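The values are calculated or read from the model by the stated rules, or taken from the named source; none is laboratory data. Keep in mind it's a predicted model, so treat the numbers as computed, not measured. Here the Cβ is made from the backbone with ideal geometry for all residues, glycine too, and neighbour counts use every protein chain on show. What goes into the accessible areas is simple: the full protein's heavy atoms, side chains included, and nothing from ligands, DNA or RNA. Shrake-Rupley method; radii C 1.70, N 1.55, O 1.52, S 1.80 Å.
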Amino acid sequence: AMIEVLAKLGRGPVFLAGEALECVITFTNPLSASSTSASSEMLAWASAQIHCQFHASENRVALPPSDGSKHDVQAENETVFVPNRVCCLCLSYCTACGLGKLQKCSCCVENHWSLCDSYCETLPIEGPPSFRGQSVKYVYKLTIGCQRVNSPIKLLRVPFRVLVLHGLKDYQFPQDEAVAPSNPFLEEEEGLKKDSRLADLATELLMVATSRRSLHLYNISNTRGKVGSFCIFKTVYKIGEDVIGTFNFSEGDIPCLQFSVSLQTEESIQEEFQRRRGQPVSFSTHARHQEACLHTAQTSFSLPIPLSSTPGFTTNIVSLKWRLHFEFVTSGESAGTCLVRGSQSEAVTWTGVEQMEVDTFSWDLPIKVLPTNPILASYVSQFSSTNSITI
């Protein structure tokens, strides 16, 4: 005796905050057609909720004491389920937990038959993005609770990812449908028009913000003089793009022996939630380029921004920013002393010196990283669009 519960996210496991999450839930009695009618199963109830769970490192984050009067309550008849304590904490600080619209009770699932229903809920546009940092984590999941008659409650959890694009909540949608962003090749239901326009608007805003190019030129120097120059054509990117920059060492007075460029995120806790005053921020490296560049006039690098990474964001607890971290190793001597003559014969061989005095210094260049089209991010998501359990 069993009922299979299958949940499928129609468009993939990645969504934009403000979009509607739609999930098709199927209850199936997998018994063969030869089974008797007595093999039918009674589904006592089913319910669905969207949870945003917030986890904080006790060593890094100091949260205010929770209200003791707010504790989990299970109904006496045990036909509903509630968020756990982690989610209740999230509800207090992140306003990203909601009760779903799927409520089913007393449904008979005959043998070899399926019962389908759809769940649709709009994700909070002001909620935090999905994030797994060193200090805090924001984890989204759709939880489907169900129970057969005279059987224990079972929970099916469907994890998904949320991207947040700041500025969407301030946009006023046009009243004239003719000028509103929409897809002319699809017939949209009235309830999905705003959701579709939101996705189209986000795509347009991202394209405008990340397509602007202007020359940004920086001189690289230390206390002894100029090392070279660095050129980059934009500082605003989407996840999935490549950060490209070029170096020019031909005009430098100080020889550069080696450089490295790291694409990093800076995770910092807001001052009122820091465990210790002035505690250091946490850094994570997502890509790195290192190159030996002695006697190199010009060179370049390309660092990909992973589609699985989290764009920059800020909540009342944590802030995430992106940067390029540069490290340079320069010679403490002139360029001519970096090579020595190996022999006095007619065939002259030049070799590198065995020891050299060097100077090192670093530099940080802030950049801005925005989300991308959630459909594109779904291709590399670790989450599955389809999840199932047996009750």
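Could you check the stretch 194-218 and list, in sequence order, the residues that are modelled with pLDDT under 90 and either touching a helix residue (DSSP H, G or I) at 6+ places or on another chain (Cβ under 9 Å) or in a strand (DSSP E or B) (or both)?
Leu198, Ala199, Leu201, Ala202, Leu205
For the subset of the stretch 346-373 comprising residues that are part of a strand (DSSP E or B) and of a type in the set (A, V, I, L, M), which member is modelled with the lowest pLDDT? Spell out the reasoning first.
First, the residues of the stretch 346-373 that are part of a strand (DSSP E or B): 350-352, 358-370.
Remaining after also requiring of a type in the set (A, V, I, L, M): 358, 365, 367, 369-370.
Numbers: Val358: 89, Leu365: 97, Ile367: 97, Val369: 96, Leu370: 95.
It comes out as Val358.
If a residue has to be open to solvent by 40 Å² or more (accessible area, probe 1.4 Å) and not in a strand (DSSP E or B) to count, how many in the stretch 270-295 make the cut?
Adding up the residues that qualify gives 11.
Would you mind stating whether Gln264 is open to solvent by 30 Å² or more (accessible area, probe 1.4 Å) and under 23 Å from Gly133 (Cβ atoms)? Quick ask: steps written out before the conclusion?
Details: open to solvent by 30 Å² or more (accessible area, probe 1.4 Å): no; under 23 Å from Gly133 (Cβ atoms): yes.
No.
Is the stretch 84-94 home to any residue that is open to solvent by 20 Å² or more (accessible area, probe 1.4 Å), in the same structural domain as Gln134 (by the TED database), at pLDDT below 55 and part of a strand (DSSP E or B)? Working first, answer last.
Step one: list which residues in the stretch 84-94 are open to solvent by 20 Å² or more (accessible area, probe 1.4 Å), which gives 84-86, 88-89, 91-93.
Checking which are in the same structural domain as Gln134 (by the TED database) leaves us with 84-86, 88-89, 91-93.
Checking which are at pLDDT below 55 leaves us with 84-86, 88-89, 91-93.
Then keep just the ones that are part of a strand (DSSP E or B); that gives none.
No, that holds for no residue.
So, of the residues in the stretch 365-384 that are over 14 Å from Thr203 (Cα atoms) and aliphatic (A, V, I, L, M), which turns out to be most open to solvent (accessible area, probe 1.4 Å)?
Our first condition is that a residue be over 14 Å from Thr203 (Cα atoms); within the stretch 365-384, this holds for 365-369, 378-384.
Filter again for aliphatic (A, V, I, L, M), leaving 365, 367, 369, 380.
Numbers: Leu365: 12, Ile367: 17, Val369: 4, Val380: 77 Å².
For the stretch 365-384, the residue satisfying everything is Val380.
For every residue, the table says whether it meets (1) out of contact with any Cys (no Cβ under 9 Å at 6 or more places or on another chain); (2) part of a strand (DSSP E or B); (3) open to solvent by 30 Å² or more (accessible area, probe 1.4 Å).
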residue	(1), (2), (3)
Ile220	no, yes, no
Lys226	yes, yes, yes
Phe230	yes, yes, no
Val243	yes, yes, no
Phe247	no, yes, no
Ser260	yes, yes, no
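Considering only residues that are farther than 20 Å from Ser260 by Cβ, surrounded by 17 or more Cβ atoms within 10 Å (Cβ to Cβ) and not hydroxyl-bearing (Ser, Thr, Tyr), which ones fall in the stretch 296-320?
If we filter the stretch 296-320 for residues that are farther than 20 Å from Ser260 by Cβ, which is where we start, we get 307-308, 310-320.
Keeping just the survivors that are surrounded by 17 or more Cβ atoms within 10 Å (Cβ to Cβ) gives 307, 310-313, 315, 317-318, 320.
Leu307, Pro311, Gly312, Phe313, Ile317, Val318, Leu320 - these are the residues of the stretch 296-320 that are farther than 20 Å from Ser260 by Cβ, surrounded by 17 or more Cβ atoms within 10 Å (Cβ to Cβ) and not hydroxyl-bearing (Ser, Thr, Tyr).
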